[in-house]
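This report refers to the structure that appears directly beneath it.
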Amino acid sequence: MIYDPNTFSNINEVKTTHLDLNFIVDFKRKILDAVVTLKLVTLVDNVNKIILDTRYLNIKSVSCCGAQLKHNLADINEKFGSALHIQLNDNLSVNTEFDLIINYCTSEQGTAVQWLEPIQTSGKKHPYLFTQCQAIHARSLVPCQDTPAFKLSYHASVQVPQPLRALMSAVEVGEENVDNNTKIYKFEQTVKIPSYLIALAVGNLVGKKIGPRSTVWTEPEVVESAAWEFVDTEKFIEIGEKLLTPYEWKKYDLLVLPASFPYGGMENPCLTFVTPTLLAGDRSLVDVVSHEISHSWMGNLVTTLNWEHFWLNEGWTVFIERKIMGRLHGEATAEFDAIIGWRALEQDIELFGESNVLTALTPKLKDVDPDDSFSSVPYEKGFNFLYHIQKVIGGPQNFEPYMKAHVQEFTGKSITTDDWKRFLYSFVEKNFPEKKADLDNVQWDAWLHAPGMPPVKNEFDDTLAKACNELAERWHCARDNQVFDEFSPDDIKNFTPGQTMVFLERLFEFSPLPFPVIEALNKFYCFMDVRNSEIRFRWQQVCLKSEYEPIFPHVVKFVTEQGRMKYVRPLYRLLNQTKNGSELAKKTFRENKSFYHPIAAAMIEKDILK
């Protein structure tokens with residue numbers, strides 16, 4: 001039995017193997033007028049109905065073999081949408097292959113698609129749309145079995161108004177002019193993917209080649225700076241191939257989205273979506289790309305079976321990302337990043353609550369929207385679990401061959417934690433039998449099922465962290481006498497951006513800071529003027545925790561010029577918690593709600609209005 005608590009579809013009776021998608025993009029009505037053909041196969045005998053996931057879709061007709069089928073939409077469920085019940089005309093036996101054709105259109109209420117007015121784009125002249133289907137939002141783009149348990153290929157035809165261009169998580173295979181006003185782009189994804197990796201973007205887009213298999217796409221106004229920022233992309237891919245297996249997806253393109261994109265990146269195959277907040281002008285934030293490239297294996301080839309095992313996607317991806325960073329910049333840099341990740345984990349577990357079941361590595365998500373469980377837990381707790389197991393089985397020299405074997409074993413499959421654990425044991429017993437006893441002694445239940453921080457705190461190389469911590473301690477000591485003669489801009493002149501981030505994180509732990517300390521910090525280090533979004537974010541956190549009101553306009557500017565949830569959710573929460581900023585936080589959100597992606601808007605609303 002396949003178990004996924006977050007789908008309505010009858011996944012134990014029928015399976016989708018392929019989609020043919022036809023979209024007509026209508027910017028005036030803000031809908032996609034669509035036809036989808038689902039290629040299905042029965043898994044058992046006597047199948048007489050199909051149940052699909054939908055959310056705010058208008059279903060016009062359903063047919064099979066030329067005959068119209070009876071169908072009805074169940075009442076809307078706030079978390080999971082509406083089940084589409086389709087009655088077949090016959091009872092189908094096991095292994096029967098058949099097609100369903102559904103005519104439908106999306107709606108403005110759908111959560112997968114964000115429609116942007118021209119003013120919300122860099123060029124200010126053309127509208128724009130993009131999708132975000134992870135975790136369970138594909139159902140508001142297309143009626144489907146919206147579960148990572150099944151993987152499918154797809155073809156797509158997308159009709160757009162000229163001069164706009166369509167891009168998808170697939171390889172473009174053709175384009176044609178319908179007339180002077182309309183163009184059709186055609187796509188093909190032959191590597192099977194889960195529904196959450198279907199992605200579409202339409203806008204005034206241009207591309208610039210940055211490597212043998214990579215093009216960066218964005219609006220013309222941004223393309224040169226984006227191409228410069230991401231020029232090292234091929235290095236990440238090559239290291240990933242050396243660590244794991246050959247890259248399977250033919251191309252690795254990047255799409256720099258408008259500012260409202262709610263994530264740092266989204267690993268859509270062939271076309272990673274990234275936030276423009278990565279365009280720091282100094283390539284200091286492009287390591288996010290190494291994370292998304294790592295997903296080309298961990299998540300996209302080897303996929304969680306359901307969202308309760310999301311750590312198999314993200315914990316593994318962070319682990320591979322840091323392997324890539326170690327190869328490029330040295331192990332001290334990779335382990336320094338792990339220290340930053342540990343602090344992010346501590347903050348999220350404090351926010352959720354140490355005993356909150358959603359902080360378990362494999363949380364129970366029955367009746368839970370996966371978006372509500374989103375945190376650094378699957379990323380950083382998952383990474384720390386794998387780092388611990390690496391040490392247990394004898395270090396990188398033993399673990400790295402296992403990483404490759406893991407991908408080879410599970411490529412094209414959707415797996416659970418039990419599947420992962422069984423193969424880990426079989427690999428260790430075959431290759432390092434002397435390590436099985438050590439593996440038996442791992443605190444499996446505590447790591448996988450207990451809420452809160454991991455049962456083991458890994459020791460990381462803190463060489464790069466020492467200078468940050470020492471400087472923060474000096475400022476902490478200066479808060480009482482408020483004499484700042486010993487400080488100067490030279491204090492952080494040789495810091496990497498990551499070291500400046502850790503310095504600010506330590507100050508956040510010490511805050512609230514007296515206002516003279518805040519003002520001296522800015523005098524020496526010019527944090528108010530910094531462009532790097534990670535540093536800007538942490539500086540504003542320090543100021544808000546100290547209730548330093550001159551920061552309020554800067555916070556409002558930051559949260560309204562970009563919509564990345566990593567930044568906007570904590571800043572809105574902190575502003576809302578200040579004595580004189582609560583109404584400003586609520587007012588700012590209400591006035592700018594339409595700017596944010598629907599996923600981000602819903603989460604911010606829960607954070608500060610409910």
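The values are calculated or read from the model by the stated rules, or taken from the named source; none is laboratory data. Just so we're clear, the structure is a prediction, and the values are computed from it rather than from any experiment. Every residue, glycine among them, receives a Cβ derived from its backbone with ideal geometry; neighbour counts consider all protein chains shown. Quick note on the areas: whole protein, heavy atoms, side chains included, nothing else; ligands and nucleic acids left out. Shrake-Rupley method; radii C 1.70, N 1.55, O 1.52, S 1.80 Å.
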- Message: I want to confirm something. Restricting to the stretch 336-383 and keeping residues that are among the aromatic types (Phe, Trp, Tyr) and under 18 Å from the mean Cα position of the chain (by Cα), which single residue is least open to solvent (accessible area, probe 1.4 Å)?
- Response: Phe383
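Conditions (1) of a type outside the set (D, E, K, R); (2) open to solvent by 50 Å² or more (accessible area, probe 1.4 Å); (3) within 16 Å of Ile136 (Cα to Cα), marked per residue:
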| site | (1), (2), (3) |
| --- | --- |
| Ala34 | yes, no, no |
| Thr54 | yes, no, yes |
| Asn58 | yes, yes, no |
| Ala67 | yes, no, no |
| Ala83 | yes, no, yes |
| Gly110 | yes, no, yes |
- What's the number of the condition Ile76 fails, among (1) in contact with a Lys or Arg (Cβ under 9 Å, 6 or more places away or on another chain); (2) closer than 23 Å to Lys151 by Cα; (3) among the aliphatic types (A, V, I, L, M)? (2)
- Message: Can you pull out every residue in the stretch 503-522 that is surrounded by 20 or more Cβ atoms within 10 Å (Cβ to Cβ) and part of a helix (DSSP H, G or I)?
- Response: Phe503, Leu504, Glu505, Arg506, Leu507, Phe508, Val517, Ile518, Leu521
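Can you name every one of the strands (runs of 3 or more DSSP E) wholly within the stretch 27-115 that holds 1 or more residues which are polar (S, T, N, Q) and within 21 Å of Glu13 (Cα to Cα)?
Working: elements: 31-42, 47-54, 58-64, 71-73, 82-92, 97-105.
Filter on the stretch 27-115 gives 31-42, 47-54, 58-64, 71-73, 82-92.
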- List pairs: first in the stretch 83-112 and within 30 Å of Pro598 (Cβ to Cβ), second basic (Lys, Arg) and open to solvent by 30 Å² or more (accessible area, probe 1.4 Å), Cβ under 7 Å, 6+ apart or cross-chain? His85/Lys49; Ile86/Lys49; Asn103/Lys60; Tyr104/Lys60; Glu108/Lys30
- Query: Within the stretch 182-198, how many residues are in contact with an Asp or Glu (Cβ under 7 Å, 6 or more places away or on another chain) and touching a residue at least 40 places away in the same chain (Cβ under 8 Å)?
  - Reply: 2
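Would you list the helices (runs of 4 or more DSSP H) that sit entirely within the stretch 527-593 and hold 2 or more residues that are basic (Lys, Arg) and open to solvent by 40 Å² or more (accessible area, probe 1.4 Å)? Full working, then the answer.
On the way: elements: 533-545, 552-561, 565-577, 582-592.
Counting at least 2 such residues, we get 533-545, 565-577, 582-592.
Taking the stretch 594-610 as the search range and keeping residues that are assigned to a loop (DSSP other than H, G, I, E, B) and surrounded by fewer than 16 Cβ atoms within 10 Å (Cβ to Cβ), which one is modelled with the lowest pLDDT?
Of all residues in the stretch 594-610, those assigned to a loop (DSSP other than H, G, I, E, B) come to 596-597, 609-610.
Then drop every residue that is not surrounded by fewer than 16 Cβ atoms within 10 Å (Cβ to Cβ), which leaves 609-610.
Details: Leu609: 92, Lys610: 76.
Looking at residues that are assigned to a loop (DSSP other than H, G, I, E, B) and surrounded by fewer than 16 Cβ atoms within 10 Å (Cβ to Cβ), I get Lys610.
Output yes when any residue across the stretch 558-574 is within 28 Å of the chain's Cα centre (by Cα) and at pLDDT below 95, and no when none is. Steps first, answer last, please.
In the first step, residues of the stretch 558-574 are kept if they are within 28 Å of the chain's Cα centre (by Cα); the result is 558-574.
Then keep just the ones that are at pLDDT below 95; that gives none.
The answer is no; no qualifying residue exists.
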- Message: Taking the condition of being assigned to a helix (DSSP H, G or I), in contact with a strand residue (DSSP E or B) (Cβ under 8 Å, 6 or more places away or on another chain) and polar (S, T, N, Q), how many residues in the stretch 277-327 meet it?
- Response: 2
- By residue number, the members of the stretch 552-610 that are under 17 Å from Phe352 (Cα atoms) and among the acidic types (Asp, Glu) are Glu605, Asp607
- Only one of (1) surrounded by fewer than 16 Cβ atoms within 10 Å (Cβ to Cβ); (2) touching a helix residue (DSSP H, G or I) at 6+ places or on another chain (Cβ under 8 Å); (3) closer than 26 Å to Glu229 by Cα does not apply to Asn494, and that is (2)
- the stretch 319-335 - residue that is under 16 Å from Ser294 (Cα atoms) and charged (D, E, K, R) and, of those, surrounded by the fewest Cβ atoms within 10 Å (Cβ to Cβ): Arg327
- Note on the structure: Pairing a residue in the stretch 151-179 that is closer than 25 Å to Gly412 by Cα with any residue that is open to solvent by 20 Å² or more (accessible area, probe 1.4 Å) and assigned to a loop (DSSP other than H, G, I, E, B), where Cβ atoms lie under 9 Å and the two sit 6 or more apart in sequence or on different chains, gives Lys151/Gly412; Lys151/Lys413; Val171/Lys250; Val171/Lys251
- Message: So, in the stretch 419-453, how many residues would count as being in a loop (DSSP other than H, G, I, E, B) and either out of contact with any helix residue (DSSP H, G or I) (no Cβ under 8 Å at 6 or more places or on another chain) or not small (Gly, Ala, Ser) (or both)?
- Response: 7
- Report, by residue number, each residue of the stretch 255-276 that is touching a helix residue (DSSP H, G or I) at 6+ places or on another chain (Cβ under 7 Å), of a type in the set (A, V, I, L, M) and not in a loop (DSSP other than H, G, I, E, B). Val256, Val274
- Message: With the structure loaded, tell me whether Asp485 is part of a loop (DSSP other than H, G, I, E, B) and free of Cβ contacts under 8 Å to residues at least 24 places away in the same chain or whether it fails that test.
- Response: yes
- Query: Which of the residues belonging to the stretch 160-195 are open to solvent by 40 Å² or more (accessible area, probe 1.4 Å), under 27 Å from the mean Cα position of the chain (by Cα) and under 20 Å from Pro127 (Cα atoms)?
  - Reply: Arg165
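So, Thr500, is that one crowded, with 18+ Cβ neighbours inside 10 Å and among the β-branched types (Val, Ile, Thr) or not? Spell out the reasoning first.
Values: crowded, with 18+ Cβ neighbours inside 10 Å: yes; among the β-branched types (Val, Ile, Thr): yes.
Answer is yes for this residue.
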